[in-house]
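Asker: Below are the structure tokens for one structure; questions will follow.
The values are calculated or read from the model by the stated rules, or taken from the named source; none is laboratory data. In this text, all values refer to a predicted model and were calculated from it rather than measured experimentally. Glycine gets a Cβ as well: all are built from the backbone with ideal geometry, and neighbour counts include every protein chain shown. For accessibility, only protein heavy atoms count, side chains too; no ligands or nucleic acids. Shrake-Rupley method; radii C 1.70, N 1.55, O 1.52, S 1.80 Å.
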Amino acid sequence: MDDDKKILYLVRHAQGHHNVGYAGTVKELRERNVHGGVDLVVVSPMTRTLQTAAGVFGGGERKPGEELPPLMADGVGACPGAAVSSVGCPPFIALELCREHTSVYPCDKRSSISRCKQQFPAVDFSQIMDEEDSLWSPTLPESKASLDARRRALLQWLAARKEKKIAVVSHSFFLSRLVGAQDGDGEPKLECRKRSSFSNTELRTVVLHYKH
């Protein structure tokens with residue numbers, strides 16, 4: 001089998017309602033024009049990551065009369081803003097594999113898929129089978145084994161995609177584990193210059209090596 005590679009743009013979401021700079025940090029990241037060459041956006045199905053993905057890789061504020069559904073509806077989330085256009089954007093796919101390590105706290109519980117579809121109409125949620133959140137428990141945090149299984153499954157999923165430049169919008173702990181862990185021979189591997197924790201709305205470009 002031959003070696004092949006993809007370019008991944010790893011983005012940590014903007015902070016939640018406690019961060020008054022939410023809109024500004026997303027705007028700064030968007031102005032770096034990272035969205036121009038992306039073939040696919042993969043995003044955790046949490047509201048904070050969906051908002052960030054729409055703000056960074058979306059088509060900007062939706063204009064009156066647009067026929068395509070918006071990436072994000074008007075007034076969504078703890079930091080509500082204008083609807084975001086899907087015009088000229090790459091496909092967006094929501095994926096449970098890139099969710100944060102799940103704690104027992106309610107902030108780590110995702111909304112129902114029906115609600116997600118209402119709030120983010122142009123995002124593809126077909127990869128998520130459960131209407132309600134089956135990963136979250138109010139008494140039992142996710143094990144490290146489960147987290148690592150998701151991490152490895154995500155790399156396999158990305159390697160199997162046809163797209164060559166993929167953005168992954170996720171969470172601090174998950175992304176840090178993604179770039180910091182080392183797997184055995186034959187597994188997809190990330191080539192990273194930096195393996196430390198991700199800061200607010202930080203973007204890192206890494207290379208995914210895999211066999212095909």
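Asker: Which order, highest average first, do 170-180, 102-112 follow once you tally other Cβ atoms within 10 Å for each residue and take the mean per peptide? Write out the running numbers ahead of the final one.
Answerer: Values: 170-180: 20.0, 102-112: 15.0.
Order by mean packing, descending: 170-180, 102-112.
Asker: How much accessible area per residue does segment 4-210 have, counting only protein heavy atoms and a probe of 1.4 Å, in square angstrom?
Answerer: 47 Å²
Asker: Report for the chain the percent antiparallel among DSSP-assigned beta bridges with both residues inside it, nearest 5.
Answerer: Values: 14 of 28 bridges.
About 50 percent, rounded to the nearest 5.
Asker: Given a 1.4 Å probe and heavy atoms of the protein chains only, how would you sort C98, C192, largest accessible area at the top? Please list the in-between numbers first.
Answerer: Working: C98 0, C192 25 Å².
My answer, sorted largest first, is C192, C98.
Asker: Now for a separate question. Compute the length gained on full extension between V104 and K165: take 0.36 nm times their separation in residues and subtract their Cα-Cα distance, giving the result in nm to one decimal.
Answerer: Net length gain for the segment: 18.6 nm.
Asker: Take the solvent-accessible surface of the protein heavy atoms, probe 1.4 Å, and return the percent of it on the chain that carbon and sulfur atoms account for.
Answerer: Looking at the chain in its full context, I get 52 percent from C and S.
Asker: What 222 nm value per residue comes from the helices of the chain, counting each DSSP H run with n ≥ 4 as -39,500 (n - 2.57) and dividing by all residues, nearest 500 deg cm²/dmol?
Answerer: It comes out at -7500 deg cm²/dmol, rounded to the nearest 500.
Asker: Let me know the charge dipole size of the chain about its Cα centre in debye, to the nearest 20, where only the beta-carbon of Lys, Arg (+1) and Asp, Glu (-1) is charged.
Answerer: 520 debye
Asker: On to the next question. Report, in degrees rounded to the nearest 10, the 0 to 90 angle that the Cα long axis of helix 22-31 makes with the longest principal axis of the chain.
Answerer: 70 degrees
Asker: Output the relative contact order of the chain, whole-number percent, from Cα pairs under 8 angstrom with separation of 6+ residues. Kindly include the intermediate steps, with their values, before the conclusion.
Answerer: Details: 418 pairs, mean separation 72.1, N = 212.
Relative contact order comes out at 34 percent.
Asker: Label-point separation (nm) for S112 and H212, each offset 7 Å from Cα along Cα-to-Cβ?
Answerer: Result: 4.0 nm between the two label points.
Asker: Can I ask one more? How far, in degrees from 0 to 90, does helix 144-160 lean away from the longest principal axis of the Cα atoms of the chain, to the nearest 10?
Answerer: The angle comes out at about 80 degrees.
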